[in-house]
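Here's the structure we're looking at; comments come further down.
Every number in this text was worked out from the coordinates using simple rules, so none of it is lab data. Not measured: the values here are computed from a predicted model. Please note: Cβ atoms are built from the backbone with ideal geometry, for glycine as well, and neighbour counts cover all protein chains shown.
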Amino acid sequence: MNSKNKKFLLGGLAIALVIAILAPFLASSNPDGLDSTAEKVMQNPETEPAFESPLPDYTIPFLGEDNPFGGVIALILGTLIVLGIAYGIGIILKKKNEKENT
């Protein structure tokens, strides 16, 4: 990876982490449009999920649901996990492309 790409990646990561840190403090406590509509339309919105989320509702369970710092940590972890997965897929696709071109 050249220097320009590293700077671009680090700049994007810095912006994503700033958003992750500020989001829990700026978020509305009112349900969003999808949650609000689901509550109005569905007669039993509290059904069992297909699988349990590791970070439900952008919280870390042992820190409590009302703790905004738990939300910050959950968002930072989620951001880093998604970045790692995307970076890993990029490396795999790059190697695959290099093999096809040789």
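Of all complete DSSP H helices in the chain, those with a Cα span along the helix axis of 18 Å or greater and a mean Kyte-Doolittle hydropathy of 1.0 or more are 3-26. Our summary gives the chain a relative contact order of 31 percent, counting only alpha carbon pairs under 8 angstrom and 6 or more residues apart. The alpha-carbon positions of region 49-102 define a convex hull whose volume is 83 Å³ per residue. Modelled spin-label separation between Glu98 and Ser28, with each label point placed 7 Å from Cα along the Cα-to-Cβ direction: 4.8 nm. Ignoring lysines fewer than eight residues from Lys40 along the same chain, none have Cα atoms less than 19 angstrom from its Cα. Three semi-axes describe the equivalent ellipsoid of the chain; taken as square roots of 5 times the Cα gyration tensor eigenvalues and ordered largest first, they are 35, 20, 13 Å. In a Gaussian network model over the chain where Cα atoms closer than 10 Å are linked, find which of Ile81, Ile19, Ile60 has the largest mean-square fluctuation. Of the options given, Ile81 has the highest mean-square fluctuation. In a fully extended conformation the segment linking Glu48 and Leu9 would gain 10.2 nm over its present Cα-Cα distance, using 0.36 nm per residue.
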